[in-house]
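Laboratory data are not the source of any read-out in this text; all were calculated from the coordinates shown. Not measured: the values here are computed from a predicted model. Cβ placement follows ideal geometry from the backbone for every residue including glycine, while neighbour counts extend to all protein chains displayed.
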Amino acid sequence: MLLLFLADGPIGYYEAIFQFRNCSSEVLGYSRKLIDKQGGHVVKIVEQKNGVDFYLDSWRLAVFLGKRLKKVFSGETKISRKLFGVSRIKSKKVYRVTVLFRCLKSL
């Protein structure tokens, strides 16, 4: 099996899903700038019925982004995780993190 690798891992690999719900384009633009500034990568963007999902390569970046957006914009943040598997190299549990940011008022 041939895998293509980016700087941090195989193409399409993500550690976190950041869910924007009922947010304006201003919030999305601010988030993209912050992700680029922190050196993160958006692996995939999925349009949902009432928002957008960003698939990120770093769970730490997703948690940081959630806390920052809660400070800057009025909104609600929820963080959850799901067991993804066990690392073969370190024998540690690997989790996928989901961060939900719900705007209380649309800007």
* Asked: Say we look at region 25-41 and pick out the residues that are touching a helix residue (DSSP H, G or I) at 6+ places or on another chain (Cβ under 8 Å) and under 20 Å from K70 (Cα atoms); which of these is surrounded by the fewest Cβ atoms within 10 Å (Cβ to Cβ)?
  -> Q38
* Index of the failed condition, S58 passing every other in (1) touching an Asp or Glu at 6+ places or on another chain (Cβ under 9 Å); (2) exposed (fewer than 14 other Cβ atoms within 10 Å of the Cβ) -> (2)
* Taking region 76-105, which residues are out of contact with any helix residue (DSSP H, G or I) (no Cβ under 9 Å at 6 or more places or on another chain) and polar (S, T, N, Q)? -> S80, S87, S91
* Asked: In this structure, does L65 turn out to be more than 11 Å from the chain's Cα centre (by Cα), more than 19 Å from F84 (Cα to Cα) and hydrophobic (A, V, I, L, M, F, W, C)?
  -> no
* To do: Search region 57-84 for residues that are under 12 Å from L34 (Cβ atoms) and pair each with any residue that is of a type in the set (G, A, S) and part of a helix (DSSP H, G or I) when their beta-carbon atoms are under 8 Å apart and the residues are at least 6 apart or on different chains.
  => L65/S31; L69/S31
